[in-house]
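First comes the structure, then the notes that go with it.
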2 protein chains.
Amino acid sequence: MKIDRLAVIGIGLLGGSVARAARPFARYIVGWDQAADVGLSACQTGILDENAPGLLEAVRGADVVVFCTPVDRIAEQVLAVASVCKPGALLTDVGSTKLDIVRATDGRVPAFVASHPLAGSEKMGFEHGRADLFDGRLVFVTPGRSTERGALSRVCAFWGEMGALVEVIEAEEHDRALALTSHLPHLVASALAGVLPAEWRRLTGTGFQDTTRLASGCPKLWTAIFRSNRVALLAALERMSGQLEEFRAALSAEDTDRINELLRLGKIARDGLPPLSARG
Amino acid sequence: MKIDRLAVIGIGLLGGSVARAARPFARYIVGWDQAADVGLSACQTGILDENAPGLLEAVRGADVVVFCTPVDRIAEQVLAVASVCKPGALLTDVGSTKLDIVRATDGRVPAFVASHPLAGSEKMGFEHGRADLFDGRLVFVTPGRSTERGALSRVCAFWGEMGALVEVIEAEEHDRALALTSHLPHLVASALAGVLPAEWRRLTGTGFQDTTRLASGCPKLWTAIFRSNRVALLAALERMSGQLEEFRAALSAEDTDRINELLRLGKIARDGLPPLSARG
């Protein structure tokens with residue numbers, strides 16, 4: 001795959017990583033960020049070839065446009081630029097939730113194919129972006145009913161070129177699954193960090209640090225993700241609360257066998273996760 | 001600090017790490033494990049100099065005895081060997097809970113000083129032990145009322161020699177704090193892993209993996225820890241459930257400001273944890 005002109009909308013951790021990872025096969029990379037100084041810095045460090053003055057200017061003439069903005073902005077931006085994009089341009093995004101975005105764009109922008117790389121970091125800003133962020137990682141692609149077939153195969157090739165493993169999945173199933181595999185862990189990490197009294201912070205070790213790592217993520221971005229996937233996240237949270245109640249009941253009753261059984265089931269599930277380097 | 005004869009009771013991850021970390025200052029290391037083949041293997045790989053045929057034989061003549069057995073076995077083993085240990089011998093342990101152990105031994109074995117290195121791994125077995133496991137890590141030391149002062153200062157020197165940062169703390173406060181900083185994270189990780197349907201395991205990324213890492217720990221060991229710290233862990237779990245209920249209520253009410261505020265407080269707490277390499 002070769003891209004003559006790539007536009008990256010939103011120059012944060014994901015946008016910075018897309019620009020870096022696409023560099024070997026994108027001749028010219030133009031970017032735009034709501035914060036003009038961010039785009040300028042990204043130009044100065046060579047991640048972008050051009051900092052566009054506005055959203056419409058960024059997408060004009062681009063062969064591929066990747067939206068790396070917060071999930072509550074993506075659909076409106078896709079709709080806003082659709083008529084300006086050149087014929088045959090491919091539009092995609094990296095948003096963590098997909099149903100809202102697919103619903104808002106399906107039937108209106110056939111060249112847009114929603115996607116979601118399951119890759120990121122609790123760090124923020126393009127300066128933390130990495131060319132290998134997508135290497136070996138899953139990227140979900142969630143076409144709508146009206147998505148062009150050619151656009152679908154091109155978006156799969158785009159992520160594949162970055163070393164990702166592409167999984168085509170229904171947006172609704174994506175959101176239900178990710179509520180459990182991504183959004184609930186974030187909520188749980190945040191809640192766990194939130195209940196630690198400040199005076200005991202220094203009494204933590206690697207266990208607490210790892211279990212709460214996600215809590216360092218950007219509250220604003222994650223508030224938008226939680227809102228967008230509210231119903232599925234509430235269902236996931238109910239499962240989690242139910243499981244914690246199982247532990248509480250077993251502890252209260254001093255039911256050693258049941259505690260052991262719950263921990264054993266947790267271990268089986270955790271040990272059953274595929275190693276991240278050996279997927280696909 | 002120089003030790004002529006060190007006895008390590010229980011040759012698992014912790015016992016194997018104590019033996020490795022003490023090697024530079026312990027002339028002769030004898031070990032004992034309930035599973036005789038474990039002690040033999042540890043001898044063959046050079047971690048131990050001698051595999052004792054029994055618990056009493058292991059401690060006889062030792063200058064320092066470290067109990068690295070499950071928390072529900074330590075107190076009885078300390079009491080069983082106290083009369084056999086040579087005068088002036090120091091006895092300590094690595095158990096994750098301290099109040100039960102201090103209560104059972106205080107006033108009966110003044111040479112025993114309970115301790116707890118906040119270091120470990122979800123891995124099991126002495127072959128995963130590391131000489132640097134305690135390097136830069138906190139070790140809690142929880143003396144009882146009758147603990148000999150000389151024994152207290154020697155146990156601090158012992159862990160200090162291994163590169164650890166020693167924190168002397170009341171056993172009761174230790175257990176209350178660790179319920180939140182260690183035992184609750186383990187329970188939460190296990191519960192989170194436990195609610196993931198098997199068919200979605202392959203849809204996880206680093207976030208789910210990190211948040212649930214602790215769930216891979218040994219169910220039997222952790223059942224004993226949970227039982228031993230039952231009351232404090234139930235209190236910690238109640239705080240966690242309350243925080244999850246805050247999230248649930250905010251999501252249900254679509255209260256964006258409240259969701260953002262909860263995530264912001266979680267981020268402040270997580271970002272406020274001391275870096276593991278810069279403690280003390």
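The values are calculated or read from the model by the stated rules, or taken from the named source; none is laboratory data. Computed from a predicted model, the values in this text were never measured in an experiment. Ideal geometry is used to build each Cβ from the backbone, glycine not excepted, and the neighbour counts take in all protein chains shown. Side chains are part of the model used for accessible areas, which takes the heavy atoms of the whole protein and leaves out ligands, DNA and RNA. Shrake-Rupley method; radii C 1.70, N 1.55, O 1.52, S 1.80 Å.
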Practice item. Scan region B:91-186 for trypsin sites (Lys or Arg not before Pro) in coil per DSSP, keeping those whose Cβ has at most 10 other Cβ atoms within 10 Å, and list them by number. Key: B:145
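Under a Cβ-only charge scheme (Lys and Arg +1, Asp and Glu -1), can you give me the dipole magnitude of region A:213-280 about the Cα centre, in debye to the nearest 20? Intermediate values should be presented prior to the final figure.
Details: 11 positive and 8 negative charges, 122 e Å.
The calculated dipole for region A:213-280 is roughly 580 debye.
Over the protein assembly as shown, what portion of Cα pair distances is larger than 45 Å, expressed as a whole percent?
On the way: 42047 of 156520 pairs.
It works out to 27 percent of all Cα pairs.
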Exercise for review: Taking only Cα atoms and a 10 Å spring cutoff, compute GNM fluctuations for chain B and point out the largest among B:215, B:75, B:269.
Suggested key: B:269
Revision key, fill the gap. Taking chain B, the whole-percent share of alpha-carbon pairs separated by over 36 angstrom is 21
Review point. Considering only Cα-Cα distances, which of the following residue pairs are longer than 20 Å: A:98/A:123; B:98/B:220; A:123/A:220; B:2/B:86; A:2/A:86; A:98/A:220?
Key: A:98/A:123
Check your understanding: Among A:218, A:43, A:85, whose mean-square fluctuation peaks in a Gaussian network model of chain A (Cα, cutoff 10 Å)?
Key -> A:218
Point to revise | Set of aspartates and glutamates with alpha-carbon distance to residue A:267 below 17 Å, sequence-local pairs under 8 removed | key: A:210, A:246, A:257, B:122, B:199, B:210
Practice item. For region A:153-280, give the magnitude of the charge dipole about the Cα centre (Cβ charges: +1 Lys/Arg, -1 Asp/Glu; no others), in debye to the nearest 20. Key: 480
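Carbon and sulfur: what percent of chain A's accessible surface (1.4 Å probe)?
Working: 5450 of 10980 Å².
For chain A, the apolar C and S fraction of the accessible surface comes to 50 percent.
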Review point. Nm distances between the label at residue B:46 and the same-position labels in the remaining copies, 7 Å along Cα→Cβ, shortest first?
Key: 4.6
Study note, to complete from the structure: With Cα springs under 10 Å, the Gaussian network model of chain B assigns the largest mean-square fluctuation among B:47, B:268, B:259 to B:268
Check your understanding: When each copy gets a label point 7 Å from Cα toward the beta-carbon at residue B:79, what are the spacings between them in nm, shortest first?
Key -> 7.3
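Determine how many Å³ per residue the convex hull of the Cα atoms of region B:1-158 encloses. Don't skip to the answer; put the middle values down first.
Details: hull volume 15.4 nm³, N = 158.
It is 98 Å³ per residue.
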Practice item. Identify the GluC sites (Glu not before Pro) of region A:177-273 meeting these criteria: DSSP loop state and at most 13 other C-beta atoms within 10 Å of the C-beta. Key: A:254
Practice item. Among B:13, B:28, B:47, pick out the residue whose Cα is farthest towards the positive end of the charge dipole of region B:1-108, where Lys and Arg carry +1 and Asp and Glu carry -1 on C-beta, about the Cα centre. Key: B:28
Point to revise | Residue mean of other protein chain beta carbons inside 10 Å, B:176-183 | key: 5
Revision key, fill the gap. Taking only C-alpha positions in region B:129-214, Rg and Dmax in angstrom work out to 18.3, 57
Point to revise | Per residue accessible area of region B:137-280, 1.4 Å probe, in Å² | key: 40
